[in-house]
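Chemist: Take this structure, written in structure tokens, and hold onto it; I'll ask about it next.
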Amino acid sequence: MNATTSPVNQYFKALQLDEQSNSLSQEILQNCGVEIERCLECGKCSGGCSNTHIFDYTPRKIVQLIKVGNEDRLLQMDALWCCVACQLCVDRCPSGIDIPRIIDYLRERAIDRGIVPTRPNVKLFHELMLDQVQKIGRVSELYLILNYNLKSKQYLNNAELGPQMFFKGKLNPIPARVKRMDKVKRLFRPKPGQKGVAE
Amino acid sequence: MGVHKEQTTLVIGGGAAGIEAARMLGQAGYPVVLVEKSNRLGGVLNQLASSFPRWEDPVKFVEPRIKDLEQSASVKVLLESTVIGCQKTENGYQVQIKNINGAVEELQVGAVIIATGFEMMDLSGYGEYGHGAFPNVYDSLEFEAVLKEWSAGKKPEKPPVVAFFKCVGSRDRSKGYPYCSKICCMYSAKQAGLVKDLLPEAKSYVFYMDYRASGKEYEEFVRSVIEDKHVRYVRGRPAKVLPEDDRLLIRCEDTLMGVPIEVRADYIVLAAAIRPSRGTTEMAEMFGLETDAYGFIEPEPFQAVKVQERVFLAGSCGFAVETLGALQQGAAAAAQAMAVLNQAD
């Protein structure tokens with residue numbers, strides 16, 4: 001590739017900081033109640049995160065991307081789908097910034113915009129899990145794994161863990177339903193003007 | 001032995017530190033001569049639009065102190081005067097004070113308090129920021145005047161974008177000084193917050209490497225400027241300012257993301273390094289005082305304000321201090337002067 005045809009490295013193209021840059025953090029403040037401006041930029045969240053080794057953007061950088069208002073990158077990033085909401089970042093954050101709440105918000109928005117996670121089957125897994133929650137109010141590990149392996153056509157994925165989990169009582173063939181299914185139903189009512197994830 | 005109040009103390013410089021030293025000595029009944037080069041007491045405080053960490057009007061704070069001096073029977077204020085010479089004597093110094101008309105007054109003093117202050121670094125070496133070349137690029141003291149105008153009601157037609165650059169000349173080993181000028185973090189936060197107070201539709205950016213808010217209520221002050229007044233702090237040292245139409249284009253890296261950033265601003269305020277004023281250099285030479293590598297007056301080892309047997313410093317002629325620090329040093333210098341005038345033989 002010669003110099004004249006080589007593409008511009010989009011990452012190093014100058015980012016414009018202007019009056020519109022803080023609209024995303026405003027939105028997150030309104031919808032999630034999370035004050036991005038409280039961030040001290042210390043990185044304790046990233047240091048504590050259980051999944052940074054597979055993240056393309058660490059939690060601190062995710063907060064920073066919100067500050068500069070780079071919504072495209074936030075919705076396209078892989079980390080959006082690798083966060084397991086373990087809450088370690090919130091627990092460690094000296095300013096109490098609820099990063100998993102932001103991640104949830106951004107995921108909803110990505111789905112609304114029809115952005116498909118780049119990792120295979122991530123969307124499938126989320127859908128199957130929510131489907132179960134909608135049906136019985138909780139997640140049955142056994143049926144979630146079976147369903148997931150069938151639909152993703154990875155029939156023996158993690159199969160070796162099955163017996164261990166069974167003997168530890170983690171795989172119950174008769175999943176219990178929550179008693180107040182009416183309350184669960186309410187969780188899945190789509191918000192006005194918004195397309196619900198499991199609608 | 002009794003208290004010896006016959007010897008005069010000379011206070012050189014009528015800023016916050018000098019005023020406080022003269023006021024305390026006057027309160028205690030010691031004769032004081034306060035020499036001020038300009039036609040007004042108050043020094044830099046007169047130029048400031050607000051103060052940190054409590055947003056108080058510095059003029060309101062300096063006025064009662066000046067009144068104290070005027071009412072004190074033992075304090076003599078010499079405005080538009082300078083100390084032009086000194087000779088060491090057995091019990092102090094013989095000094096010559098020249099006023100604006102050229103008249104020279106001889107004075108025998110028992111103690112000298114130097115409070116000659118600081119000046120902002122000349123920014124002509126920073127061509128990349130365009131101070132002096134582009135309109136609307138100010139140093140921080142010049143911008144205080146703009147803020148005063150805005151406070152008085154002469155506001156710009158369109159809400160402006162104001163960018164503050166910290167560490168211009170400070171922490172710069174190639175074109176400036178290696179030291180941290182200590183007060184810029186706080187006054188830049190103050191100025192950026194004040195812009196938002198005066199013009200809520202305006203946008204304030206502060207470009208920083210880190211913010212050093214080590215003082216009572218300082219950290220809370222900076223955080224409130226960021227979180228309550230919504231001043232945007234951008235981590236990175238701006239590299240270049242380019243004129244673009246009517247505006248100024250700032251290029252820098254957001255070092256938290258590692259991406260280049262561009263901001264278009266209407267005003268740029270450079271927090272220039274603080275260096276010893278010309279008066280400080282002159283007095284250090286005249287009295288034969290120790291100075292550090294940058295020309296700030298150096299106290300004796302493990303001394304707060306004592307420079308020599310009968311010479312004390314107060315305020316930013318020793319190193320950059322905030323107003324509170326200047327007052328503390330002024331009071332300390334006054335106490336030390338009283339001590340030396342009363343020491344047992």
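The values are calculated or read from the model by the stated rules, or taken from the named source; none is laboratory data. It should be emphasised that the depicted structure is a prediction, and the values quoted were computed from it without experimental measurement. Every residue, glycine as well, gets a Cβ built from its backbone with ideal geometry; the counts of neighbours run over all protein chains shown.
Chemist: From the list B:MET283, B:MET257, exactly one residue is free of Cβ contacts under 8 Å to residues at least 60 places away in the same chain and aliphatic (A, V, I, L, M). Which is it? Can you show your working first?
Modeler: Details: B:MET283 fails: free of Cβ contacts under 8 Å to residues at least 60 places away in the same chain.
Unique residue meeting the criteria: B:MET257.
Chemist: Of all the residues that make up region A:127-170, how many are farther than 26 Å from A:GLU108 by Cα and among the small types (Gly, Ala, Ser)?
Modeler: The qualifying residues number 3.
Chemist: For the condition modelled with pLDDT of 95 or more, among the acidic types (Asp, Glu) and either within 30 Å of A:GLN64 (Cβ to Cβ) or not assigned by TED's automatic domain parsing to the domain that holds B:ALA17 (or both), what is the one hit in B:ASP292, B:ASP266?
Modeler: Matching residue, one of B:ASP292, B:ASP266: B:ASP266.
Chemist: So for region B:261-273 (the condition being basic (Lys, Arg), more than 14 Å from every other protein chain (Cβ to nearest Cβ) and in contact with a strand residue (DSSP E or B) (Cβ under 6 Å, 6 or more places away or on another chain)), does at least one residue qualify? Talk me through it step by step, then tell me what you get.
Modeler: In the first step, residues of region B:261-273 are kept if they are basic (Lys, Arg); the result is B:264.
Next, from what is left, pick out any that are more than 14 Å from every other protein chain (Cβ to nearest Cβ): none.
Looking through region B:261-273, none of the residues is basic (Lys, Arg), more than 14 Å from every other protein chain (Cβ to nearest Cβ) and in contact with a strand residue (DSSP E or B) (Cβ under 6 Å, 6 or more places away or on another chain).
Chemist: Given the criteria more than 14 Å from A:VAL34 (Cβ to Cβ), basic (Lys, Arg) and within 14 Å of chain B (Cβ to nearest Cβ), does A:LYS67 qualify?
Modeler: So A:LYS67 fails the test.
Chemist: Filter region B:236-246 down to the residues that are part of a strand (DSSP E or B) and touching a residue at least 40 places away in the same chain (Cβ under 8 Å), then identify the one that is farthest from the other protein chains (Cβ to nearest Cβ). I'd like the intermediate steps shown before the answer.
Modeler: Keep residues of region B:236-246 that are part of a strand (DSSP E or B), which gives B:240-244.
In the following step, the residues that additionally are touching a residue at least 40 places away in the same chain (Cβ under 8 Å) were identified as B:240-241, B:243.
Details: B:LYS240: 11, B:VAL241: 14, B:PRO243: 17 Å.
Taking the candidates together, the pick is B:PRO243.
Chemist: Counting only residues that are surrounded by 15 or more Cβ atoms within 10 Å (Cβ to Cβ) and touching a Gly at 6+ places or on another chain (Cβ under 9 Å), give me the helices (runs of 4 or more DSSP H) lying completely in region A:1-84 with at least 1 of them.
Modeler: Ranges flagged: A:23-32, A:59-67.
Chemist: Next question. Taking into account only those residues within region B:274-299 that are in a loop (DSSP other than H, G, I, E, B) and acidic (Asp, Glu), which is farthest from the other protein chains (Cβ to nearest Cβ)?
Modeler: Checking each candidate, the answer is B:GLU290.
Chemist: Exactly one of (1) part of a helix (DSSP H, G or I); (2) under 19 Å from the mean Cα position of the chain (by Cα); (3) surrounded by fewer than 14 Cβ atoms within 10 Å (Cβ to Cβ) is unmet by A:LEU128. Its number?
Modeler: (3)
Chemist: Let me ask another. Quick test of your reading of the structure: A:GLY162 fulfils all but one of (1) closer than 30 Å to A:GLU27 by Cβ; (2) surrounded by 13 or more Cβ atoms within 10 Å (Cβ to Cβ); (3) not aromatic (Phe, Trp, Tyr). Name the failing condition by number.
Modeler: Here A:GLY162 clears every test but (1).
Chemist: Of everything in region B:108-148, what is surrounded by fewer than 19 Cβ atoms within 10 Å (Cβ to Cβ) and over 28 Å from B:ALA49 (Cβ atoms)? Give them in sequence order.
Modeler: B:GLN108, B:GLY127 - these are the residues of region B:108-148 that are surrounded by fewer than 19 Cβ atoms within 10 Å (Cβ to Cβ) and over 28 Å from B:ALA49 (Cβ atoms).
Chemist: While we're looking at this one, here's another question. How about region B:155-207: which of its residues are among the polar types (S, T, N, Q) and either within 14 Å of another protein chain (Cβ to nearest Cβ) or in contact (Cβ under 8 Å) with a residue 60 or more places away in the chain (or both)?
Modeler: Kept after step one, since they are among the polar types (S, T, N, Q), are these residues of region B:155-207: B:170, B:174, B:181, B:188, B:191, B:204.
B:SER170, B:SER181, B:SER188, B:GLN191, B:SER204 - these are the residues of region B:155-207 that are among the polar types (S, T, N, Q) and either within 14 Å of another protein chain (Cβ to nearest Cβ) or in contact (Cβ under 8 Å) with a residue 60 or more places away in the chain (or both).
Chemist: May I pose another question? Got at least one residue in region B:137-146 being modelled with pLDDT of 95 or more and more than 29 Å from B:GLU36 (Cβ to Cβ)? Give the steps one after another, and end with the answer.
Modeler: Keep residues of region B:137-146 that are modelled with pLDDT of 95 or more, which gives B:137-146.
Subset that is more than 29 Å from B:GLU36 (Cβ to Cβ): B:137.
Yes: region B:137-146 contains one or more residues that are modelled with pLDDT of 95 or more and more than 29 Å from B:GLU36 (Cβ to Cβ).
Chemist: So in region B:212-235, with the set limited to residues that are in contact (Cβ under 8 Å) with a residue 40 or more places away in the chain and either within 10 Å of another protein chain (Cβ to nearest Cβ) or assigned to a helix (DSSP H, G or I) (or both), which one is nearest to B:PHE165 (Cα to Cα)?
Modeler: It comes out as B:VAL231.
Chemist: Only one residue in A:ARG101, A:ARG92 is away from chain B (no Cβ under 14 Å), in contact (Cβ under 8 Å) with a residue 60 or more places away in the chain and not acidic (Asp, Glu). Which one?
Modeler: A:ARG101
Chemist: I would also like to ask the following. Output the residues belonging to region B:69-87 that are buried (at least 17 other Cβ atoms within 10 Å of the Cβ) and part of a strand (DSSP E or B).
Modeler: Matches in region B:69-87: B:VAL75, B:VAL77, B:LEU78, B:SER81, B:THR82, B:VAL83, B:CYS86.
Chemist: Moving on. Pick from A:CYS32, A:CYS45, A:CYS39, A:CYS82: which is in contact with a Pro (Cβ under 6 Å, 6 or more places away or on another chain) and assigned by TED's automatic domain parsing to the domain that holds A:ARG101?
Modeler: Of the residues listed, the single one that is in contact with a Pro (Cβ under 6 Å, 6 or more places away or on another chain) and assigned by TED's automatic domain parsing to the domain that holds A:ARG101 is A:CYS45.
Chemist: Another question, then. State all residues of region B:130-154 that are aliphatic (A, V, I, L, M), more than 21 Å from B:TYR294 (Cβ to Cβ) and touching a residue at least 24 places away in the same chain (Cβ under 8 Å); if no residue qualifies, say none.
Modeler: Across region B:130-154, the qualifying residues are B:VAL137, B:ALA145, B:VAL146, B:LEU147.
Chemist: If you check B:LYS148 against the conditions, is it within 27 Å of B:GLY193 (Cβ to Cβ) and within 14 Å of chain A (Cβ to nearest Cβ)?
Modeler: no
Chemist: Is at least one residue of region B:254-263 outside any loop (DSSP other than H, G, I, E, B) and out of contact with any Leu (no Cβ under 9 Å at 6 or more places or on another chain)?
Modeler: no
Chemist: Additional query: Of the residues in region B:235-268, how many are closer than 21 Å to B:LEU198 by Cβ and crowded, with 20+ Cβ neighbours inside 10 Å?
Modeler: Residues meeting the conditions: 5.
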